[in-house]
Amino acid sequence: MTPQPHVLLLGMQFPPARGSGVYRIRSWANHFARRGWAVTVLAADRDYWVQRSGVVDDELARTVDPRVRVIEVKVAREHLVNRVDKMSWAHANFPRLWTKGHQLVRERIFPEVYAPILPHFVARGLAVHARHRVDLVFATGNPYTQYGAAYELGRLLRRPYAVDYHDPWTLNPLTESDVYGPRDPQTLWERRIIENAALTVTVNEPLAQWYRDRYPVAARRVRVVENGLAEDVVGEVPWEPVPAGRPARIGFVGTVRSDLPIEEYLDGWALARKEPELAEATMDFYGYLGFFTQNEQAIRQRLEAGGEGVAYRGPVPQPRLAATYATLDVLAMLLPSSIYMTAGKGYDYMSAGRPVIGVHDPRNHTTEVFRNYPLFFGVPAVTPEAVRDVLVASVRASRAQTREQYELCRAEALRHTWDLNMAPVAAELEERIRG
Amino acid sequence: MAEPTTSVPVPVPVTTPVPGAVRPKQGRPRVVAAAVEQARRAPVVETLNWVIENGGSAVLVTADGGDRSPGLHPAVEVVDLRADERRLGLNRIVGTTPAWSSWNGSKPYRMLRPWLLWRALRKRLPLLRLDDVDHVIIVHPNSWPIAWHLHRQHPDLGIAYEIPEAVWQRAGRPVPPRPEPPA
């Protein structure tokens, strides 16, 4: 190993990409850099995100440690083009032939739609290594093709690689069931990748246990790195007692995805607003609508028809996050109900130091994360009545909240920073490549 | 990206919005349906009839080589490419022999056919009066070559599986209600 270890981070979704997974990748890069590692990130080219998401997050990109070297890799995207007028000549003129050719390539390379990036990532990884010896390859997905690239780079460079599953691949976390059969190429590839990885990292204990059970050969090399608080992004959120007589302000801040329990929440909201505690109360949704532009319209329509006091306020630029939280009395955390789901935004919510309501199945790992948070109100079941009850209870708590409680909440949040969560695994990797 | 799915599905072709506020014009919207095979023919016929009944004009591009599609409004113009297809390249030789039907139905030919039909249509473009066309309806990937080339020639043309409201609005007309589907 060189005196300064060098990690090659495969992070297609690196900022300025947007989306909840981006924070984790950014935090790995910053964490390794702060530990004194040389960090090279292979990321998708900026235009790719402009085309896919319609927007990029330059504010977030500015929070990347300046010591991190980012190499943009041109991502093949023709297979993702769904507008005929934007297609290539071959794609538009010979659609069947083109699709068959693409499928063939995918089958040969990697069983995922992003397979065409694999040779590009491997080639760039080899080029990086030729100029600056790589000590560790670290891939975080999705796309899962990056795990395939890590496997190939590990093999070609004879270096250890680690895979960080911020989203599971062969497990559907929503239905808690397998996505693929035991002989499907995805299953076979995942086994190959995990059994040969130096470490497999995931976001919560239920998921870690799933990997241990599924891949007993690698069970001792599975680790948990929970998501964390990006304190440099959120900053300190000001707090003042809620003025008596002012209608309550409740808010959701995060990507408003179609798999959130929006229906149940809005029905519960309608019930709660009939209670005196929530008279004239407002419910503001902040954030992007879905990840893909084609999902936006349906979600927007649902929110706009959400009922009295409900408004969609649009995305919040990073520098405005703390100020946005500061305008709210209670934060509503909506999550899909599954033991395997963890709320990335939950840590930011904690740092706001306000009552947080958890609208998700209590088995969800987020319940565990909030175990020591003084002002957490989780629903016993995702029903409108339960939502009403936690809304009323949390608004009461916000009106009675003291500065001491606010400081206790903040202190709890600061026990969940990305750096604190990542340090043990980063130290273990350091130890491994030194030894 | 971080939707809690296990993989990102391959997007299926969806509608292409008509470029907003492009080529404003008052009058009759004109629509071309590239429906070179029988797939989704009934809804296409219904859509073209709806255009005609609401004051627009419509063209159906087919390669049926037979009668007009059942139920098609008499005012819908039909451009049938079947005869031209038989006169293209190698088809000129095979097209007059008994081998034509097996060649025409073979897998390799079916892969090339959508592009060949564009080549056939290219010679008959004046029939479409492209300067007046607002929108191309596609019904299947087999429609893509024709739609793609028409758009290349007239970048203002919209391409979609349906007719966007903007087509009517640009023509200065109210958006007509869609006919109720049969019970």
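Here are the numbers:
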quantity: Three-way shape label, segment A:46-87, alpha-carbon gyration tensor, a/c 1.5; calculated: oblate
quantity: Considering only segment A:162-300, percent of DSSP beta bridges that pair antiparallel, nearest 5; calculated: 15
quantity: Dipole magnitude of segment A:34-158 about its Cα centre (Cβ charges: Lys, Arg +1; Asp, Glu -1), debye to nearest 20; calculated: 360
quantity: Chains B and A, summed buried accessible surface - 1.4 Å probe, Å², nearest 100; calculated: 3300
quantity: Positions from segment A:95-112 whose accessible area shrinks by 50 Å² or more when the full protein complex is built, not the chain alone, probe 1.4 Å; calculated: A:PRO95, A:ARG96
quantity: Cα gyration tensor category, rounded, prolate or oblate, for segment A:377-435 with a/c compared to 1.5; calculated: oblate
quantity: The protein assembly as shown - mean residue ellipticity at 222 nm from DSSP helices (-39,500 (n - 2.57) per run, n ≥ 4, rounded to 500); calculated: -11500 deg cm²/dmol
quantity: Sorted peptide list for A:44-54, A:171-181, criterion being average Cβ within 10 angstrom, highest first; calculated: A:44-54, A:171-181
quantity: Relative contact order [Cα under 8 Å, 6+ residues apart], chain A, whole percent; calculated: 15
quantity: Surface per residue (accessible, 1.4 Å probe) for the protein assembly as shown, Å²; calculated: 42
quantity: Listed residue (A:TYR48, A:LEU303, A:LEU420) projecting farthest to the positive dipole end of chain A, Cβ model; calculated: A:TYR48
quantity: Part-to-part distance (alpha-carbon centres) for segment B:110-183 and segment B:69-95, which is given in Å; calculated: 17
quantity: Angle between chain A longest axis and helix A:21-34 axis [Cα atoms, degrees, rounded to 10]; calculated: 70
quantity: Minimum 20 Å² accessible area buried by the other protein chains, segment B:114-140 residues, probe 1.4 Å, relative to alone; calculated: B:TRP115
quantity: Solvent-accessible area of A:GLU404 with every protein chain in place, 1.4 Å probe, in Å² to the nearest 10; calculated: 120
quantity: Check: chain A dipole with +1 on Lys, Arg Cβ and -1 on Asp, Glu Cβ, in debye; calculated: 1560
quantity: Kirkwood hydrodynamic radius of segment A:129-218, Cα pairs, Å; calculated: 13.5
quantity: By accessible area with a 1.4 Å probe, ligands and nucleic acids excluded, highest first: order of A:PHE94, A:PHE138; calculated: A:PHE94, A:PHE138
quantity: Antiparallel bridge percentage (DSSP; both residues within the protein assembly as shown; nearest 5); calculated: 5
quantity: Cα-based Rg and Dmax for segment B:107-180, where Dmax is the largest Cα-Cα distance (Å); calculated: 14.3, 46
quantity: Gaussian network model of chain A, springs between alpha carbon atoms under 10 Å - residue of A:VAL84, A:VAL379, A:VAL369 with greatest fluctuation; calculated: A:VAL84
quantity: Exercise: per-residue mean of other protein chain Cβ atoms within 10 Å, A:166-172; calculated: 3
quantity: Dipole magnitude of segment A:184-273 about its Cα centre (Cβ charges: Lys, Arg +1; Asp, Glu -1), debye to nearest 20; calculated: 280
quantity: Cα long-axis angle, helix A:145-157 against chain A (0 to 90 degrees, to the nearest 10); calculated: 40
quantity: Protein accessible area in segment A:39-117, 1.4 Å probe - carbon and sulfur %; calculated: 52
quantity: Radius of gyration and Dmax over the Cα atoms of the protein assembly as shown, both given in Å; calculated: 28.4, 92
quantity: Cα long-axis angle, helix A:418-434 against chain A (0 to 90 degrees, to the nearest 10); calculated: 20
quantity: Span from the segment A:358-435 Cα centroid across to the segment A:54-77 one, whole angstrom; calculated: 29
quantity: Prolate/oblate/rounded label for segment A:100-173 (Cα gyration tensor, a/c 1.5); calculated: oblate
quantity: Reduced Cα scattering model of segment A:177-318, Debye log10 I(q)/I(0), q = 0.11, 0.17, 0.18, 0.20 Å⁻¹; calculated: -0.69, -1.03, -1.07, -1.15
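The values are calculated or read from the model by the stated rules, or taken from the named source; none is laboratory data. The structure displayed is predicted, hence computed values, not measured ones. Methodologically, a virtual Cβ is constructed for each residue, glycine included, from the backbone with ideal geometry; neighbour enumeration extends over all protein chains shown. Ligands, DNA and RNA are excluded from the accessible area calculation, which covers all protein heavy atoms including side chains. Shrake-Rupley method; radii C 1.70, N 1.55, O 1.52, S 1.80 Å.
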